[in-house]
Amino acid sequence: MSKEILVPNIGDFEDVEVIEILVAPGDTIQAEDSLISVESDKAAMEVPAPEAGIVKELKVQVGDKVSEGSLILLLEPTAAATDASPAPAAQPSSPSAPSPTQQSVPKPQSVARSRSAPVATPAASLGRIDEAGFSRAYASPSVRKFARELGVDLGRIAGSGRKGRIIQDDVKAFVKQAMTQGLPGGGGLQVAPMPEIDFAKWGEVESRALTKINKLTGQFLHRNWVTIPHVTQFDEADITAMEAMRKAMVAEYKPKGIGITPLVFMMKAIVKALQEFPRFNSSLDASGENLVFKKYFNVGIAVDTPDGLVVPVVQDVDKKGLVDLAIELGEISAKARDKKLKPADMQGGSITISSLGGIGGTKFTPIVNAPEVAILGVSRSKMQPVWDGKEFVPRLMLPLALSYDHRVIDGADGARFTTYLSKVLADPESLA
């Protein structure tokens, strides 16, 4: 006979939101195993099982509101279960506010499965646990316990759960990556750990903590750099006509408070190139054996903020005009600098543009923003003499650097892409 498992006494909380489902139908669980996680405006807590048994049917899903007495699931008690055992109270935790990252709603995880697959991990690969960072990490008590058992520092993990919450799969993925990179024959870089150095021996020093954005960006870039075979194609685009058109638009729209930057022209141009070369608007699937071709055209824009680099995404660039893009670009850049970007604002990109032309430099090699397969780096334009077949004429030339995933794109297509992009930029009337 199936038994109804209800939400026990959770204090004064009512209508709290279910943020994680920690079991799935068919799981064999033990008494006090966590069933769901709920979150109020004050704390997150896990609701434990009152007895052992087999999960027959879930009666809640992520996003539901529950209170004391709400039905969680139907459980088929096992012989080890005792009807007299009272339901233990939910144990709250007090996580710190999570940072924005790329999010996904976690799938139900089997408690029995996760406990039946212990992972042997080399301590040298996992490093030491920073207790301060561990305590600030946004994770449930069961995930904290799981991480402790494996010797994993939660402060080094980017959570994939709701609002950046670290889930058990994140811990497993971290351990798997450490094993792959740290064990002989694992296919990783197998680099030695950095030595601990007392820099104060040579003079006065000051230690400043990295921002959360710095840490997350560093993790993502390191992963992308070591897992993606990068090739960078350099080119130059003649933007003399484009700049003349842009200045005319600046004179027209500046009184209206709209700034027309070269970036809006590049966004329209790169979409035309994606339409011409669809492989650049694709991503490898999780197996690495199939390409997912995207029919939408969303462009990520790398934005420099006081706390670090973020990449908001402008949606449906192909359906918007230059002025519309200028307005939206101004708004999204302001949101980035004011720390008001939401996770959804940084997802779903087709390709990314990183423009350093306003700062300086001649060339650079941008790192692909996975799961995208290409990124365009733009440096400062300058007037150069260009031979037109009869004489040298002054032309405004824009340096381009296209980095791409060589597993998806070969060198010939990389050169074709930048050549086509340069041709489009030289004809700005086609972008209006």
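The values are calculated or read from the model by the stated rules, or taken from the named source; none is laboratory data. Since the model is a prediction, treat every value here as computed from it, not as a measurement. Using ideal geometry, Cβ is built from the backbone for each residue, glycine included, and neighbour counts are taken over all protein chains shown.
Side notes on the structure shown:
- For the range 377-387, the set of residues classified as in a loop (DSSP other than H, G, I, E, B) and either within 24 Å of ARG279 (Cβ to Cβ) or touching a strand residue (DSSP E or B) at 6+ places or on another chain (Cβ under 7 Å) (or both) consists of SER379, SER381, listed by residue number.
Residue-wise test of (1) out of contact with any Asp or Glu (no Cβ under 7 Å at 6 or more places or on another chain); (2) over 20 Å from ILE228 (Cα atoms); (3) assigned to a helix (DSSP H, G or I); (4) in the same structural domain as THR227 (by TED's automatic domain parsing).
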position	(1), (2), (3), (4)
SER283	no, no, no, yes
SER287	yes, no, no, yes
ALA334	yes, yes, yes, yes
SER354	yes, no, no, yes
PHE364	yes, no, no, yes
VAL368	no, no, no, yes
ILE375	yes, no, no, yes
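- Inter-residue pairs, beta-carbon under 6 Å, first on the phi > 0 side of the Ramachandran plot and in the range 350-373, second of a type outside the set (D, E, K, R), 6+ apart: GLY361/SER379
- Looking across the range 239-258, the residues that are touching a residue at least 12 places away in the same chain (Cβ under 8 Å), under 18 Å from LEU329 (Cα atoms) and either part of a helix (DSSP H, G or I) or charged (D, E, K, R) (or both) come down to ARG246, MET249, TYR253.
- Some residue of the range 310-319 being exposed (fewer than 15 other Cβ atoms within 10 Å of the Cβ), assigned to a helix (DSSP H, G or I) and in the same structural domain as ALA286 (by TED's automatic domain parsing): yes
- ALA273 vs. criteria crowded, with 22+ Cβ neighbours inside 10 Å and not assigned by TED's automatic domain parsing to the domain that holds ALA173: yes
- Scanning the range 336-352 for residues that are surrounded by 14 or more Cβ atoms within 10 Å (Cβ to Cβ), among the hydrophobic types (A, V, I, L, M, F, W, C) and assigned to a helix (DSSP H, G or I) yields ALA336, MET346.
- Elements of the type strands (runs of 3 or more DSSP E) sitting completely within the range 27-104 and holding at least 2 residues that are in contact with a strand residue (DSSP E or B) (Cβ under 9 Å, 6 or more places away or on another chain) and modelled with pLDDT of 70 or more: these cover 34-39, 44-48, 53-58, 71-77.
- One residue stands out in the range 191-238 among those that are of a type in the set (D, E, K, R) and either in the same structural domain as VAL408 (by TED's automatic domain parsing) or not in a loop (DSSP other than H, G, I, E, B) (or both): the one that is farthest from SER379 (Cα to Cα), namely LYS201.
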